[in-house]
1. Having 1 or more residues that are under 30 Å from residue 136 (Cβ atoms) is the bar; report the strands (runs of 3 or more DSSP E) wholly within region 202-281 that clear it.
2. Could you give every pair whose Cβ atoms fall below 6 Å, whose first residue belongs to region 58-75 and is within 19 Å of residue 134 (Cβ to Cβ), and whose second residue is assigned to a loop (DSSP other than H, G, I, E, B), counting only separations of at least 6 or pairs across chains?
3. Do you know which residues across region 67-77 are in contact with a helix residue (DSSP H, G or I) (Cβ under 8 Å, 6 or more places away or on another chain) and either over 16 Å from residue 36 (Cα atoms) or not in a loop (DSSP other than H, G, I, E, B) (or both)?
4. For region 78-88, give me the residue count where each residue is assigned to a helix (DSSP H, G or I) and over 17 Å from residue 43 (Cβ atoms).
5. Can you spot a residue in region 111-119 that is surrounded by 17 or more Cβ atoms within 10 Å (Cβ to Cβ) and touching a strand residue (DSSP E or B) at 6+ places or on another chain (Cβ under 8 Å)?
6. Please determine whether any residue of region 128-143 is touching a residue at least 40 places away in the same chain (Cβ under 8 Å), surrounded by 13 or more Cβ atoms within 10 Å (Cβ to Cβ) and assigned to a loop (DSSP other than H, G, I, E, B).
């Protein structure tokens, strides 16, 4: 009997003393200009930096860099000439969800005069490809790309997707299959019939803007292709940052906060808490309120 008892104790020890493997913290990817990683709120949650440039060079002298400093610019450069956009997006995400980890992918180079270089859909495509590869490693649940173009077609099929964009659309599809939402800004052109590209791509999650009193923003583009409207104004560094860029990154962080283990149940949950709202010339039933 003694041997049996010892055996039982040994088995029970194996059962109860196994280490508990908690799910790694959720991460979101922010694709944007550059970042000031010296800011305490940024530094605390920044788990990876990536640089993907088409024409200019990353800090390591090549067109690709991954690791500490890859997406960072000194404060004197990161917070001027439009480069501050990336840092502001990160601070907004942290404000909405202080628990979420941030992966920042820089796709905007700096010209010799300190101004921003251009970027294109292929840069976004490459950033999404990196996300696909690293989804499991960082437990990525959403991607925020607060950028877009309002060079569109007309009529109901205005979204300018063509063979050139097959790689971008394909990567959005791959992320969707991995239960990762790819989010783009609807744009701020006061166009109430069309939204920016790539937000108009069917598989993307398009974000329009909402005001502090839970109305549709008069600045935000609006169309049936908008998936959700979310708060567009945040006070960052004592400045009000307003626009669908803010809506997109804020919703990405909010998505992570409310993630239900997969894309579709999270999307359905967001629909279930959506409210009706009015705009200047349209209405929606897809406004998600951050403020209650």
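1. By residue number, 205-210, 228-231.
2. From region 58-75, the pairs are 63/53; 65/58; 69/59; 71/34; 72/37.
3. Scanning region 67-77 gives a single hit, 72.
4. Matching residues across region 78-88 total 1.
5. no
6. Yes, some residue in region 128-143 is touching a residue at least 40 places away in the same chain (Cβ under 8 Å), surrounded by 13 or more Cβ atoms within 10 Å (Cβ to Cβ) and assigned to a loop (DSSP other than H, G, I, E, B).
Yes/no per residue for (1) closer than 15 Å to residue 169 by Cα; (2) in contact with a strand residue (DSSP E or B) (Cβ under 9 Å, 6 or more places away or on another chain); (3) modelled with pLDDT under 95:
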position	(1), (2), (3)
189	no, no, no
195	no, yes, no
198	yes, yes, no
204	yes, yes, no
217	no, yes, no
222	no, yes, no
227	no, yes, no
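The values are calculated or read from the model by the stated rules, or taken from the named source; none is laboratory data. Treat the numbers as computed from the prediction; the structure is a model and nothing was measured. Virtual Cβ from ideal backbone geometry, glycine too; neighbours counted across all protein chains shown.
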